Amino acid sequence: MEIKFNMIVVCAAFVGLVGCGGADLGTRMAGSKIAGDGLVAEGQPISGAAILMKPRVEDLTDESFNIRYIEMGFGSGTPASVRDLAVSQCAEFGKNAVFTAETRGLLQLNTVKAYYECI
């Protein structure tokens, strides 16, 4: 009984450290790239995947942000509505959107975060 309790405590501590350890993996990946090292959003390949959740902008600064959405399927490319949202978001700052990275949730494989810079 004591061993089970200790394992639960260790697992909970690990999850707490990993889950609360600052920026998520995708944000760290996008941040590790050299500024401007990416694909101009207008040049991104577009997918026809259906979106199950309206794309929303997160972690917005005048230099970068990400867009979270849920898509149906695992198509290659970015939905046009996500690309258009990125372009319009950077246009508000008088800048161009540059796609830097994309990650998928480990548990929810259809949850996608697309990372952009405004240059």
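Just a few scattered comments:
- Inter-label distance, residue 80 to residue 42: 1.6 nm, where each label sits 7 Å from its Cα along the C-beta direction.
- Using the Cβ-Cβ distance between residue 88 and residue 53 with R0 set to 22 Å, the FRET efficiency from 1/(1 + (r/R0)^6) comes to roughly 0.75.
- Based on Cα contacts under 8 Å between residues 6+ apart, segment 39-118 shows a relative contact order of 35 percent.
Since every read-out is calculated from the coordinates, none of them should be taken as a lab result. Everything numeric here is computed off the predicted structure, so don't read it as measured data. Heads up, the Cβs are rebuilt from the backbone with ideal geometry, glycines too, and the neighbour counts pull from every protein chain shown.
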